[in-house]
Structures are given as C-alpha cells and as structure tokens.
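Here the structure comes first, spelled out in structure tokens, and everything after it is commentary.
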Amino acid sequence: MNYTLNQLRIFLSVVETSSITRAAAELNLSQPAVSIQLRNFQDQFEIPLTEVIGRKLHVTQFGHEVAESARRILQEVDQIQYKSSAFKGLMTGKLRLSVVSTGIYVMPFFLSSFVQKHPEVSIVMDVTNKQRVVNALEANESDLCLVSIVPEKISVGRLDLLPNKVYLVAPKHAPDSFKELLSGPLPYIYREEGSGTRQVMEGFLTLYEITPNRTIVLSTNEAVKQAVVAGIGYSLMPIIGIRNQLVNEELKIIPVRGLPIETTWSLIWPSAKQHSPVAQALINYINAEKEHIINENFGWYQSF
C-alpha cells in the first residue's frame, strides 16, 4: 500500500462530515480534488470504504475501522510536529471544537488571546445543536466541546466557564404580564429537537403546567432572536446572545417567578481522553485567565 498522509486526512474528514462537499469546504479543497483523492485511497483496498445509497454517502464498517486508524496515525503525526515546534519555542497544531449554537457568544472570548499568543495553532470550530455536540463527544471527534447542559449519561471531564441565564423574552410591544402574554395571540417560539435551550424551555413549561396555544420551531438561536424582534412570538432565550437587542429596546424580558433558569457554560471532554498538547495548553490558559476574561468581556452579563 502507498497511501499518503494527505489521503488519510481527506478520508477522515469525509467520514467525520459524511459528505465530500463538506469535507472539501473544511479542508479548503475543491470537491473534485477530494473525490479524486478518495478514489485513489479506495483503490488501495479490496474492501469498500464507502458506499452510496439513495444519493447519500455511507461509510462501511471497514471504512470506520480504517478511519479510526487514520485518526490515531494523524494524532501521532501532530505530536511529532508539536515536538519539532516545541524545540523552536512554538506551539502548533490543530484544535477541534464542537460548540452549541448559543456558545458562539461565549467561546471566541476564551480563544482570542490564546490564538494571538499562539499564531501557529489552527482552530476548527463546529457550531451546531447540543445533540450533535454530544454525538461528536461520544465519537471522540473533537478535542473539546462547549455545552450549557452537561450530558448526564456520559463520563466527562469539565472546565466550567460562566453561568448561562435563560429568560422569557418578548417583542418590545408585548404585554409585560406573563399571564397576558400566554393568553394573547403570539405563538411560543421553540428551538429544534436536540437543542439545549429547547430542553430548558420544555422543562420550564412542564414545571408550570403550561401548554402554549401556538408554537413555531426554528433551527438556530439567531433565527429565534430575529423572530422575536420582528414581533412574531416570544421565547425562552439565553441572555448572553441578546445584549444589543436589550440595549436598543428591541426586546424585553418578561418577569416570571422561577426565571432566570441558570445552567453553566462548560468545556467538556471524555473522561478517559488524552489531550493533545494544544488542547491541554488551552485548558491551562483558561484556568489561569478565566476570571480576567469574564471580568473584561462579561461584566454586563453578571449584573442581570
């Protein structure tokens, strides 16, 4: 066999994204280039690595085993590169993060100075819903995952960052009374299944035995925010992502007993995981600088 490290990286990216198109985007390559390298890699095995069923790419069991070996090989290569750079006084490598969608208002602030300090480190950050982040955690596809609700059935290591506060948010002209709001014409806006915010919302509604008359489901926190600003409905939302809208009085918080609901923004990883040097360096950096980062960037947030 005569496969290359580049082919291993391409195949692993295809497996992790389940798509040649998404792998090409992640690797900054053209789709034809990824397809050619994938075919050349496949030609070195008599057993299929992938198959197309109903126009969808599926990875075979053998393909998953090859991908796991590729992951280990590439991790060893990264270790060699790190050691080489370390002798030159540099920190280098790739850091793969999976972040729940609302975490986009949190994670960049904990990365900013670290990235500036270590310009040779590359960051790949997948921003998605909680369920997909948990899937990445279970599959060991990410170095670190950012969540606001730590999964209970998985043994994880964790580094808590700051509180996550969820309030009932309504358009600026909506009634100030929760009772009036519930009995009014506006629908309740949900996040999609698998979202941590939706999980919090459903728990709140169950606790207060509330059954909204009408509902709308949207797939991102940003979409929910814009829908509420537009006066379409109201929702439970993390305050971390609506600062400007509150300041500009485009949204308002409705006072309700039992709110805000507080969870914690936490970086998590499988408890048995052996961190790469870059991931460990980020954990050490955040442990040392967390209070400074919070005070500098989230002082407004702590007053709510």
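A few points about this structure:
- Rounded Å value of the spacing that divides the Cα centres of region 53-75 and region 1-24: 9 Å
- Extending 7 Å from Cα along the Cβ direction at Ser69 and again at Gln280 yields two label points whose distance is 2.8 nm.
- Estimated from helical segments only, the mean residue ellipticity of the chain at 222 nm is -14000 deg cm²/dmol, where each DSSP H run of four or more residues counts as -39500 (n - 2.57).
- The chain: antiparallel DSSP beta bridges as a percent of all, rounded to 5: 60 percent
- In a fully extended conformation the segment linking Glu202 and Asn295 would gain 30.3 nm over its present Cα-Cα distance, using 0.36 nm per residue.
- Which of Ser112, Ser148 has the fewest Cβ neighbours within 10 Å, and the rest in rising order: Ser112, Ser148
- For the chain, the longest principal axis of the C-alpha atoms and the axis of helix 196-207 are separated by about 40°.
- In degrees, nearest ten, helix 61-87 long axis to first principal axis of the chain (Cα): 90 degrees
- Among Val124, Val169, sorting on how many other beta-carbon atoms sit within 10 Å of each Cβ, with the fewest leading, yields Val124, Val169.
- Cross-link pairs Lys130/Lys172; Lys179/Lys252; Lys165/Lys273; Lys56/Lys153; Lys130/Lys179; Lys94/Lys273 - those with Cα-Cα distance over 19 Å: Lys130/Lys172; Lys165/Lys273; Lys56/Lys153; Lys130/Lys179
- Under a Gaussian network description of the chain, with springs only between Cα atoms under 10 Å, the residue in Gly184, Gly93, Gly231 that fluctuates furthest is Gly184.
- Degrees between helix 5-17 axis and first principal axis of the chain (Cα, 0 to 90, nearest 10): 30 degrees
- Per-residue Cβ neighbour rank within 10 angstrom, fewest leading, Ile149, Ile80: Ile80, Ile149
- Cα-only radius of gyration and Dmax that characterise region 163-262, units Å: 12.1, 33
- Here each label is just a point 7 Å from Cα along the line to Cβ, and for Val247 and Ser19 those points are 3.4 nm apart.
FYI, it's all coordinate maths here, none of it is from the lab. Bear in mind that the values here come from a model prediction, so they are computed numbers and not experimental data. All Cβ positions, glycine included, derive from the backbone under ideal geometry; neighbour counts span all protein chains shown.
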